[in-house]
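Everything on this sheet refers to the single structure shown next.
The values are calculated or read from the model by the stated rules, or taken from the named source; none is laboratory data. What you are looking at is a predicted structure, and each value in this text was computed from that prediction instead of being measured. Positions of Cβ are generated from backbone atoms using ideal geometry, with glycine treated the same way; all protein chains shown enter the neighbour counts. Only protein heavy atoms, including side chains, enter the accessible area calculation; ligands, DNA and RNA are left aside. Shrake-Rupley method; radii C 1.70, N 1.55, O 1.52, S 1.80 Å.
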Amino acid sequence: MRRILAVLLICLIGCGGGSFRGTFRSGNTVFSVTGFVSFIELTTIPDTTIPVTTVTFLSDFSPVTTVIFCGDLTQQLFLDDFATVNFTQGPSCATALVIFVDCCGR
């Protein structure tokens, strides 16, 4: 636990910041996507006012991945950030469970 806290503090203090967010949902499959954020857009689900954030991730070894997340993630993810997002997939959008921005990986 101390190692995780030390890495978190180094990342947050030494490199300009990171972002973490988490919830627990039992019974849902947790997916993960990792890569550079190449596109991010806040919009709504068609014919509703429910906000969603469309994010495209570029990875070195896998194809481009686009995920539509529920809610506004524009304050957690930014263009050209290298990020990992763990999420569960819902019927119309994915729920982000954990967002980790690699502030020191560049």
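Rolling a 1.4 angstrom probe over the protein chains, ignoring ligands and nucleic acids, what is the accessible area of Val55 in square angstrom, nearest 10?
Approximately 0 Å² of Val55 is accessible to the 1.4 Å probe.
Using 0.36 nm per residue, how much length does the chain from Thr49 to Thr88 gain when fully extended, once their Cα-Cα distance is taken away?
Gain on extension, Thr49 to Thr88, equals 11.9 nm.
Taking every pair of alpha-carbon atoms in region 21-98, what share in percent sits in each 10 Å bin, from 0 to the bin with the longest distance?
19, 53, 26, 2
Could you check what % of the DSSP bridge pairs in region 55-106 are antiparallel, to the nearest 5?
That works out to approximately 90 percent antiparallel.
Place the peptides 69-76, 57-64, 43-50 in order of packing, highest mean first, counting for every residue the other Cβ atoms within 10 Å and averaging per peptide.
Output ranking for 69-76, 57-64, 43-50: 69-76, 57-64, 43-50.
Can you give me the accessible area per residue for region 29-94, using a 1.4 Å probe, in Å²?
Solvent-accessible surface per residue comes out at 58 Å².
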